[in-house]
Amino acid sequence: MPKITVIGTIVRDTIYPYKGEPVYGWGGIYYTLSYLSGILKEKAVLEPVFYVGYDVWDAVQELLSQKFPNVRKEGIRKINQKNNRVTLKYLTPEHREEISNFIPPPLPFEAIRPFVKNDIILLNFISGYEITFETCQRLVTEKTGFLYMDFHSLAYGRNEDGSRFYRRPENWREWVRMPDFLQMNEKEAETLAARPLTALEDYTGFAEELVQIGKNILNMTLGPKGSILAFLEKGTPVVHYLKALNVRRVVDVTGCGDSFAAGFIAKYIETKDPVEAAKFGNVAGGLNCTFQSTSKADTIYLRVDEALNDYNEAKPF
């Protein structure tokens, strides 16, 4: 049974939908744990590593114990500050403003060391400050399995009031060289590219650049436009474009990238086929946007296989 280390941040979310009343719930790494735990069930053990604020410590312990029997809690640490709180205000169904407060400090390598030899390490930059560059270098040196990195909030800066803004880290190329699998969304890709990306040819062109830099497998999620999968084959970039799941009504896109990563990893464990894994990730991400916050995240996996039967893949470029 594979062991999966999950590094991230658990969040108390306040979500203001494009139209509707505010929604309060758990977010951040909770999405990832929900999907991985549900899809893999008795097929894998999850060992999350993250900080929890003193104000929600008891609630998180109870939540994980009740919801996820295959999640171990040895890597979860209590800190003497309030838990990370994020406010998301959607200006359109897909675009939002974000304010993040009470961000926990970076995890030291000693907190990760007991879990660094696991089969898979999923590093999801929810806050962007989960670990330092130097800690990630040590992780890469000592790991024995593969590292899946969601670049996510590494492409975010933060103002004093907690508001977030896109910015390109100076050492972004060094970051993208570290994982075996790299994920980012369209806006994060555009931020790293430092140029407008609008047509699919723009995204696929930058995907080719990224895999030549990182020598890894890349998932670039494009929201309702689907996703791009890219990797090197005998030194030459190979790019696949995959359509999104056809969703009749989009309710809340928060956490779609988290659910994509969970779906990809779950299917890759089973098949070792990145194309099939990306299809599964697209389906999981599509289903995630059909409900608010994480209200159904722990049960939505029951619909993934059914939805996959109706999923039509576009031809690769």
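What the table shows:
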quantity	calculated
Relative exposure of Thr191, Thr132, Thr290, judged by other C-beta atoms within 10 Å (fewest first)	Thr132, Thr290, Thr191
Spin-label pair Gln212/Phe146, simplified geometry with 7 Å Cα→Cβ offset, distance in nm	2.3
Relative contact order (%) - the chain, alpha-carbon pairs under 8 angstrom, separation at least six	16
Ellipsoid semi-axes in whole angstrom, largest first, where each is sqrt(5λ) of the Cα gyration tensor of the range 186-260	23, 14, 11
Helix-only [θ]222 nm of the chain, DSSP H runs n ≥ 4, -39500 (n - 2.57) each, per residue, nearest 500	-9500 deg cm²/dmol
Extension gain from Ala194 to Asp119, taking 0.36 nm per residue of separation minus the Cα-Cα distance	23.6 nm
Extended-chain gain in nm, criterion 0.36 nm per residue less alpha-carbon gap, Ser163 and Gln61	33.8 nm
Charge-dipole axis of the chain as Lys and Arg at +1 and Asp and Glu at -1 on Cβ define it, positive-most pick from Gly128, Tyr31, Asn288	Tyr31
Members of Lys41/Lys272; Lys78/Lys187; Lys89/Lys187; Lys143/Lys187 lying beyond 25 Å, as alpha-carbon distances in this model show	Lys78/Lys187; Lys143/Lys187
Calculated FRET efficiency for the pair Thr271/Arg77, C-beta based, R₀ 41 Å, to 0.05	0.75
Separation of alpha-carbon centers, the range 101-154 and the range 157-185, rounded to whole Å	14
DSSP H segments from the chain that extend 20 Å or more along their own axis, Cα-based, with Kyte-Doolittle mean of -0.5 or above	200-214, 256-271, 274-288
Equivalent ellipsoid semi-axes - Cα gyration tensor, the range 3-221, angstrom	26, 23, 16
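Values quoted throughout were computed directly from the atomic coordinates according to the rules given, and no laboratory measurement underlies them. All figures in this text were calculated on a predicted structure; none of them were measured in a lab. As a convention, Cβ positions derive from the backbone with ideal geometry for all residues, glycine included, and neighbour counts pool all protein chains shown.
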